[in-house]
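*Asks:* The structure under discussion is supplied below as structure tokens; questions concerning it will follow.
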Amino acid sequence: MTELLPVAKHFGTAEKKKKVTAKERMSLDFKLNGYTFSDEFMLIPRLAEPVIIGSATLQKWRMKLDFENDEVIIDPRVTKLRLLTFK
């Protein structure tokens, strides 16, 4: 289910002076290299790719980009669910 953003967000692109605008967001689970992740995605019409994983998601899940091998490197330790109890 999509949710309207309180205020539209504008993002720069690789094209000079071109910006795209997100007016909605969605929380999604997604699979990458056999691991399941969860994050919030901005819905932006007419992008060059169907999904673009941004720097916030890469940092949150400690993913690294290997441009030489065109791969995403995932630390399996961050994919484990940990339940903590607080007293």
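*Asks:* Can you confirm whether LEU32 is within 15 Å of PRO76 (Cα to Cα) and either surrounded by 13 or more Cβ atoms within 10 Å (Cβ to Cβ) or modelled with pLDDT of 90 or more (or both)? So that I can check it myself, show each step before the final result.
*Replies:* Values: within 15 Å of PRO76 (Cα to Cα): yes; either surrounded by 13 or more Cβ atoms within 10 Å (Cβ to Cβ) or modelled with pLDDT of 90 or more (or both): yes.
Yes, satisfied.
*Asks:* Something else now. Of the residues in the stretch 9-29, how many are more than 26 Å from ILE74 (Cα to Cα), free of Cβ contacts under 8 Å to residues at least 24 places away in the same chain and surrounded by 13 or more Cβ atoms within 10 Å (Cβ to Cβ)?
*Replies:* 3
*Asks:* Could I ask something else about it? Kindly indicate which of PHE86, PHE67 is of a type in the set (A, V, I, L, M, F, W, C) and closer than 29 Å to THR21 by Cβ.
*Replies:* Every option except PHE67 fails the conditions.
*Asks:* I want to confirm something. Restricting to the stretch 7-24 and keeping residues that are among the basic types (Lys, Arg) and closer than 17 Å to GLU49 by Cα, which single residue is nearest to the chain's Cα centre (by Cα)?
*Replies:* LYS19
*Asks:* Of the residues PHE41, PHE11, only one is touching a helix residue (DSSP H, G or I) at 6+ places or on another chain (Cβ under 9 Å), in a strand (DSSP E or B) and aromatic (Phe, Trp, Tyr); which?
*Replies:* That would be PHE41, the only listed residue that is touching a helix residue (DSSP H, G or I) at 6+ places or on another chain (Cβ under 9 Å), in a strand (DSSP E or B) and aromatic (Phe, Trp, Tyr).
*Asks:* Sticking with this one: Taking ARG77 and the conditions (1) outside any helix (DSSP H, G or I); (2) surrounded by fewer than 12 Cβ atoms within 10 Å (Cβ to Cβ), which numbered condition does it fall short on, given that it satisfies the others?
*Replies:* Against the list (1) outside any helix (DSSP H, G or I); (2) surrounded by fewer than 12 Cβ atoms within 10 Å (Cβ to Cβ), ARG77 comes up short only on (1).
*Asks:* Go over the candidates LEU58, LEU65 one by one and state the one that is surrounded by 11 or more Cβ atoms within 10 Å (Cβ to Cβ), at pLDDT 90 or above and not in a strand (DSSP E or B).
*Replies:* LEU58
*Asks:* Find all pairs meeting these conditions: Cβ atoms under 8 angstrom apart; at least six residues apart or on different chains; first residue within the stretch 37-51 and closer than 24 Å to ARG77 by Cβ; second residue modelled with pLDDT under 85 and surrounded by 13 or more Cβ atoms within 10 Å (Cβ to Cβ).
*Replies:* Cβ pairs passing all conditions: PHE37/THR79.
The values are calculated or read from the model by the stated rules, or taken from the named source; none is laboratory data. Since we're looking at a predicted model, the values are computed, not measured. No Cβ is skipped: glycine too gets one built from the backbone with ideal geometry, and neighbour counts run over all protein chains shown.
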